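Below: one structure, written as structure tokens.
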Amino acid sequence: MYKIMFRLSLSLFFLTLFNISTSFGLIAAETQKERPKIGLALSGGGARGAAHVGVIKVLEELRIPIDYIAGTSMGAVVGGLYASGMSSDEVAEQLATINWDDVFNDKPSRPERSQRRKKDDLLYLAKGKIGVTGAGIQLPTAVVQGQKFDLILKALTLPVSEIDNFDQLPIPYRAVAMDIATGKEVVLGTGDLSLAMHASMAIPAVFAPIELNGQLLVDGGSANNLPISVVRDMGADIVIAIDISTPLLTKDELDGALAVIEQLTGILTSRNVAAQVKTLSENDILIVPELGTISTMGFDRVLEAVNVGTETGREMESQLAKLSLDETDYREYLSNHRSFEWEEPLIDFVRFDNNSSLDEQVLREHFDLSIGEPLDLEAIESGIATLYGLEVFQTVRYDVVKEDGKTGIIINAKQKEWGTDSLQSGIELSSDFTGQSSFNIGFAYTKQPFNALNGEWRTAIQLGEDLGFFTEIYQPLDPADRYFASAGISWSNQDVRLFPDLSGGRADAEYEVGKWELRVAVGRNIGKWGEVRIGLSRTTGNADIAVGDPSFENFDFDDGYFFARATVDTLDSLYFPRSGYLGSLKWTSARETLGADDEYDQVLLSLGAAKSWGDGTLITGMKYGSTIDGDSAIHNRYRLGGYMNLSGLQKNQLSGQHFGLLSVAYQHRLYRSQLFPVYAGAALQFGNTWEDKSDISTDDLIASGTLFVGADTPIGPLYLGYGVAEGDNKAAYLFIGQPFF
């Protein structure tokens with residue numbers, strides 16, 4: 001009996017123990033039960049990618065947690081910013097405030113360039129430069145190196161700049177790029193977040209490839225434009241895929257070579273998108289916003305795209321709502337995916353990674369950074385813009401790093417791979433369609449840097465009606481290029497016509513004037529806005545009568561003079577200015593002791609300004625020149641006539657020892673484009689030349705009016721105009737050159 005009772009008690013004990021254990025197991029299992037992980041896959045599509053932000057905004061409103069993000073191209077940019085801790089509203093604000101036209105132009109804005117680089121605009125050379133190395137002529141790998149885009153992304157991701165493992169971001173993240181050498185997909189999950197985003201959006205031939213981990217990476221659209229597989233590999237149980245891919249062109253839209261190339265890229269992209277969509281399960285959600293006419297490059301419509309994304313997300317609310325959390329759980333999710341609190345750190349050191357032949361002090365002088373002070377982002381970006389504007393470097397980037405407990409900035413300046421020496425060409429054309437025309441073509445070779453202080457040696461030749469040649473050395477005298485010296489020699493041969501009056505008839509005589517000139521100068525650059533220089537010039541030449549009465553004689557001349565000039569220049573463009581001002585004052589003093597045939601003194605004052613309202617711009621200008629003592633030689637007389645120089649008169653129809661010109665013009669921008677903006681406008685001018693001081697008077701100013709349309713083309717500013725001037729002078733013009741200043 002006791003044995004039976006003992007066995008029964010033992011059985012009950014083990015049964016109770018089993019039940020207790022089972023109960024605890026069920027409780028533990030219930031505790032360990034987790035919600036499914038949600039991944040967000042964001043496709044590429046350029047400006048259309050702003051729609052991603054609108055959809056994300058709806059996900060936030062519905063309290064849908066995002067555990068993983070993978071993006072391609074613009075999807076990588078939106079996804080990277082969101083993963084770094086920004087809200088959807090903050091991402092939308094940043095996309096809207098970026099000057100996207102400026103992103104696709106590496107060159108610093110003209111006011112930010114040095115005086116030396118601003119003077120390049122006077123040479124009428126085309127914007128594009130061909131690199132020259134020991135191996136021969138080289139071309140860059142893309143239209144844009146992405147310098148400005150890189151700085152924008154870097155600034156936006158500074159709060160997470162110390163994170164190099166993207167799993168440690170507020171939301172784990174991957175960017176998808178393509179290895180241009182192999183065509184294979186490259187998934188980026190470590191490194192510099194800004195560079196990963198940049199690489200994923202490096203559109204081939206538009207943006208230069210980004211070199212990372214020994215690979216040349218470009219836009220990932222052709223490899224995996226909708227990275228569903230990537231976000232699933234990260235651990236997503238449910239995928240929300242947003243496809244904003246650009247639709248294929250229709251047959252009627254395939255109207256040129258560029259359209260065909262775009263279509264081929266689109267076909268590759270659409271195929272890999274279709275393959276990714278096929279992998280979606282019934283638990284996954286595909287969202288395709290209807291973006292209509294918003295194009296890949298339609299960055300002026302990013303807010304419109306955001307709104308379309310928001311509308312599309314709300315239309316799918318019933319499908320999305322099943323993924324919502326209650327308020328308590330969503331607050332817990334947010335606390336685990338918090339954004340980083342970041343303050344500008346104190347800078348303990350600044351270091352340069354410089355692979356160029358320039359002295360490091362040249363680089364350092366362009367940065368106004370103080371050790372022991374908080375990080376000054378504006379000073380860093382300004383210094384980088386100035387350094388990049390030297391046109392020696394392919395890219396200039398920065399990193400904020402911590403080393404041995406100290407925070408510092410590393411400036412990485414990479415010299416141009418296609419050569420710092422450059423070859424340029426350009427054309428200059430002026431025709432009034434009556435037989436009075438001038439056409440010149442120029443070529444220039446620039447060796448830079450000529451030495452460790454960024455000296456420059458430029459040689460140019462001009463062919464056409466006005467033959468010419470010059471070679472010049474420009475040498476900074478200190479690392480900051482505050483002081484400089486220059487020396488050059490030139491030869492020119494041009495026709496000078498002498499007209500009797502304003503009748504518009506033929507010239508009395510036409511001289512062929514050839515001259516050699518040797519010039520040396522020293523000067524001081526004042527910031528980026530001004531320059532003063534003094535120098536000496538020695539000229540010798542001859543003037544041979546080509547057409548005219550035998551009473552006109554051939555003659556030789558010699559000239560030698562001292563000159564001093566002060567210049568202020570903040571114009572955003574010499575050709576189609578919209579803001580800024582330009583002023584110069586030059587004094588010339590010819591002396592027999594310097595080799596001049598006759599002694600004379602001249603002064604030349606030039607002022608101009610531009611002010612814009614919307615697409616309209618008012619341009620004003622004034623020029624005054626006077627031979628205040630003696631008589632200048634034929635090659636130094638003042639001349640008026642020609643397009644925007646008293647339009648309606650023939651080129652250089654007026655000449656004298658003194659002149660004055662007042663002008664006011666209005667131009668309206670008809671077509672906005674980074675590559676080919678178009679303008680139309682009208683100008684009114686008053687001016688004249690005089691032989692004697694006593695003749696100078698406002699009573700005999702000649703009035704002139706001009707109507708014009710123009711475009712800033714890759715070969716230079718092109719104008720079509722029609723001008724009228726007093727004396728029944730009229731002329732239509734085709735003009736390539738600098739008209740206003």
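Things worth noting here:
- Candidate residues M197, M297: accessible-area rank, largest first, probe 1.4 Å: M297, M197
- For the stretch 584-741, the relative contact order comes to 18 percent (Cα pairs under 8 Å, sequence separation of at least 6).
- In the context of the full set of protein chains, the stretch 87-133 has a per residue accessible area of 43 Å² (1.4 Å probe).
- The stretch 559-666, accessible area per residue, ligands and nucleic acids excluded (1.4 Å, Å²): 37 Å²
- Euclidean distance of C-alpha centroids, the stretch 153-193 and the stretch 557-632, integer Å: 53 Å
- Take W100: with every protein chain present and a 1.4 Å probe, its accessible area is about 20 Å².
- With 0.36 nm allotted per residue and the present C-alpha distance subtracted, the S270-E726 stretch has 157.8 nm of extension available.
- Relative packing of peptides 272-285, 357-370, 633-646 - highest average C-beta neighbours within 10 Å first: 633-646, 357-370, 272-285
- Solvent exposure ordering (accessible area, 1.4 Å, most first) of Y333, Y624: Y624, Y333
- Each helix, a run of at least 4 DSSP H residues, gives -39500 (n - 2.57); summed and divided by the residues of the chain, these come to -6500 deg cm²/dmol at 222 nm.
- Pair E592, F555: separation of 7 Å Cα→Cβ label points (nm): 1.6 nm
- The distance separating the Cα centre of the stretch 436-453 from that of the stretch 50-129 comes to 35 Å.
- Estimated translational diffusion coefficient (Stokes-Einstein, Kirkwood radius over Cα pairs, 25 °C, 0.890 mPa s) of the stretch 579-700: 150 µm² per second.
- Surface per residue (accessible, 1.4 Å probe) for the stretch 403-473, Å²: 45 Å²
- Inter-label distance, nm, simple model (7 Å from Cα along the C-beta direction), E327/T293: 4.5 nm
- Length gained on full extension, E691 to E315, computed as 0.36 nm times the residue gap minus the Cα-Cα distance: 127.4 nm.
- Surface composition of the chain: carbon plus sulfur atoms hold 56% of the accessible area, using a 1.4 angstrom probe and ignoring ligands, DNA and RNA.
- Taking packing as the residue-averaged number of other Cβ atoms within 10 angstrom, the listed peptides 479-487, 422-430 run from highest to lowest as 422-430, 479-487.
- Over the chain, relative contact order from alpha-carbon pairs under 8 Å, at least 6 apart, %: 11 percent
- Take the Cα of Y445, step 7 Å toward its Cβ, do the same at V522, and the gap between the two points is 3.1 nm.
- Kirkwood-based Rg to Rh ratio, the chain, C-alpha trace: 1.13
- Cα centroid separation - the stretch 699-719 against the stretch 309-363, whole Å: 49 Å
- Estimated FRET transfer efficiency when R0 is 30 angstrom, pair L707-N99 (beta carbons, to 0.05): 0.45
- Binning the alpha carbon pair distances of the stretch 275-413 at 10 angstrom intervals from zero yields the distribution 9, 22, 19, 19, 23, 9, 0, expressed in whole percent.
- Entries in K129/K586; K154/K447; K127/K184; K119/K586 that, when Cα-Cα distance is taken, lie over 23 Å: K129/K586; K154/K447; K127/K184
- Backbone N within the stretch 360-376 under 18 Å of label point (7 Å from D404 Cα along the Cβ vector): 371-372
The values are calculated or read from the model by the stated rules, or taken from the named source; none is laboratory data. Just so you know, these numbers come straight off a predicted model, no measurement behind them. Here the Cβ is made from the backbone with ideal geometry for all residues, glycine too, and neighbour counts use every protein chain on show. Accessible surface areas use protein heavy atoms only, side chains included; no ligands, DNA or RNA. Shrake-Rupley method; radii C 1.70, N 1.55, O 1.52, S 1.80 Å.
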